[in-house]
Amino acid sequence: MTTPRFWREIEQRYRGIGVQCENCSRVYFPPREICPHCRRKSFGRMKEKELSGKGKILTYTKVHEPHPEYKMLTPYIMAIIEMEENVRLTGHLVDIDYEDVKPGMEVEVTMRRLGEESPKGIIYYGYKLVPVK
Amino acid sequence: MRAKEKVGIKSYAGYVPRYRITPKEIGKVWGKDGETMGRGLRINSKSVPSPDEDVVTISTQAATWALERSKLDGEDIGAIYVGSESHPYAVKPTATIVGASIGATPLMTAADFEFACKAGTAGFQTCMGLVSSGMMKNGMAIGADTSQGAPGDALEYSAAAGGAAYIIGTEDLLAEINYTCSYTTDTPDFWRREGKKYPSHGGRFTGKPAYFKHITECTRNIMKESATTPEDYDYAVFHQPNGKFPVKIAGKLGFEKEQIEPGLLVTRIGNTYSGAVPLGLASTLDQSEPGDRILVTAYGSGAGCDSFDITVTDSIEDIKNDDIPSIQEVISDEEFITYSIYAKYRDKIEGGR
Ligand SMILES: [Zn+2]
């Protein structure tokens, strides 16, 4: 990941900024240029939308072969959640044991360290999922 | 010091990582009786951040909850000050990342503060000046730390992680800040040189002439300014590097144990440094009723104190059943870890510095 690309994605990664199609009200995250349902009708009508960050677990899995950045947290849990805005989000589920995860469980987005460029480089922050307190 | 206009707390929230380690577990590794050590410090367990947590993530979680509780938008926040002695970057402000994550950037001012354990309350005072002068409507002050003691050092038994965020304003207040005052001297009781991983301290020197003298002077000063005595307060919050010092200073100043109980978190989560008083005050506000009066004195090595005389308003009732977790709810989610997991987490944290 190069630094400039990271800059462009900051709002998305930190705050869960998606887009909403003004034609059909569907929400997309990550943002899309056009709505796949409305196609041409959505031109110029995709507006920024801040997501609530809350949702329910649809499915989840335990990952044993880590991405190098996640070595410290292995094994870890990846979950797909359905957010309040009816948009699906895949994320790293933390602060819970695998045995305690249940489908339908309420989770929310929080900001965590995702990794770093190098020990001297910038630190990457972004969303992860945690059980609702 | 008293502001010309009414000023106070519009919202607040705190966050503490869920991992815990006991003094007994730490002592085992160093061939020491950690249990006795813990009893001496009156610390039963301390919080440990996960490898993906740091002052930025702790501050962001607290700031997000405080903003949600206030019903304000990120754009309504004119200033963010983050007080900490464990900012992830030596140069690159934590406050900018927190600002972006809550949607407060770019039309805002931001800076990181450092004054050992009272950097968070220094932010309170700065925000009080900005909002009461009318320069902005809302300012956010955060105190957070992920402090480390050198392995085997006495500080390893207490150094913990956590933080709290406050929105300071002049309207729709949950609590009014009637007075604030500070007491500052050049006292080298505890320090960390640039580029060093762990702090150094003057051992026994950190007690009497530092913590006790400064808190006594500052607290007596604010009670003089506000013409109050300990009996006028329902609660008091003092800096809590361990469970012993705040109890001792409270007694010495004439406060009862019951007055400091709601804000005394150190026995369960350890010393959260810049987070300690902001979290203690948050926990006290959680349990307070309209009209309650709270005295707060933060202490930072180096050395200085900030005191606050606070009166809770009727609006405190409005937040009691909101969706934001109380401090007790946050800290009751705990998972105890072994020293080997703790060492793995700590080394990762160091690696990032
Ligand atoms: Zn559409």
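With respect to residue B:79, determine if the residue is more than 23 Å from residue A:117 (Cβ to Cβ) and of a type in the set (Gly, Ala, Ser).
Working: more than 23 Å from residue A:117 (Cβ to Cβ): yes; of a type in the set (Gly, Ala, Ser): yes.
Considered against the rule, which asks whether it is more than 23 Å from residue A:117 (Cβ to Cβ) and of a type in the set (Gly, Ala, Ser), residue B:79 comes out as yes.
Of the residues in the range B:267-280, not one is open to solvent by 10 Å² or more (accessible area, probe 1.4 Å), at pLDDT 95 or above and either closer than 23 Å to residue B:3 by Cα or part of a loop (DSSP other than H, G, I, E, B) (or both). Cβ separations smaller than 8 Å between residues 6+ apart or across chains give the following pairs from the range A:21-37 residues that are among the acidic types (Asp, Glu) to residues that are near the ligand (Cβ under 7 Å from one of its atoms) and outside any loop (DSSP other than H, G, I, E, B): A:22/A:42. Within the range B:240-256, if we keep just the residues that are in a loop (DSSP other than H, G, I, E, B) and in contact with a Gly (Cβ under 8 Å, 6 or more places away or on another chain), the residue that is least open to solvent (accessible area, probe 1.4 Å) turns out to be B:240.
In the set B:43, B:97, B:26, which member is touching a helix residue (DSSP H, G or I) at 6+ places or on another chain (Cβ under 7 Å), more than 12 Å from every other protein chain (Cβ to nearest Cβ) and surrounded by 24 or more Cβ atoms within 10 Å (Cβ to Cβ)? Checking each option against the conditions leaves just B:43. Away from the ligand (no atom under 13 Å from the Cβ), of a type in the set (D, E, K, R), open to solvent by 70 Å² or more (accessible area, probe 1.4 Å) and modelled with pLDDT of 90 or more, is that true of residue A:47? The answer is no for residue A:47. Number of residues in the range B:73-84 that are surrounded by fewer than 22 Cβ atoms within 10 Å (Cβ to Cβ) and in contact with a Lys or Arg (Cβ under 8 Å, 6 or more places away or on another chain) equals 2. If you check B:337, B:331, B:316 for being away from chain A (no Cβ under 14 Å), open to solvent by less than 30 Å² (accessible area, probe 1.4 Å) and touching a residue at least 24 places away in the same chain (Cβ under 8 Å), only one passes: B:316.
Any chance the range A:61-84 includes a residue that's within 16 Å of the ligand (Cβ to nearest atom), away from chain B (no Cβ under 14 Å) and among the aliphatic types (A, V, I, L, M)? So far as the range A:61-84 goes, no, none of its residues is within 16 Å of the ligand (Cβ to nearest atom), away from chain B (no Cβ under 14 Å) and among the aliphatic types (A, V, I, L, M).
Filter the range A:107-128 for residues that are charged (D, E, K, R) and surrounded by 12 or more Cβ atoms within 10 Å (Cβ to Cβ); which is farthest from the other protein chains (Cβ to nearest Cβ)? Let's see the steps before the verdict.
Here is the first cut: in the range A:107-128, the ones charged (D, E, K, R) are A:108, A:112-113, A:116-117, A:120, A:128.
After this cut, where a residue has to be surrounded by 12 or more Cβ atoms within 10 Å (Cβ to Cβ) as well, the list is A:108, A:112-113, A:116-117, A:128.
On the way: A:108: 10, A:112: 4, A:113: 5, A:116: 6, A:117: 11, A:128: 7 Å.
Residue satisfying both the conditions and the ranking: A:117.
Within the option set B:172, B:189, being open to solvent by 50 Å² or more (accessible area, probe 1.4 Å) and touching a helix residue (DSSP H, G or I) at 6+ places or on another chain (Cβ under 7 Å) holds for one residue only, B:172.
The values are calculated or read from the model by the stated rules, or taken from the named source; none is laboratory data. Predicted, not measured: the structure shown is a model, and the values here were computed from it. Here Cβ is always computed from backbone atoms with ideal geometry, including for glycine, and neighbour counts include all displayed protein chains. Accessible surface is based on the protein model in full, side chains and every heavy atom, while ligands, DNA and RNA are left aside. Shrake-Rupley method; radii C 1.70, N 1.55, O 1.52, S 1.80 Å.
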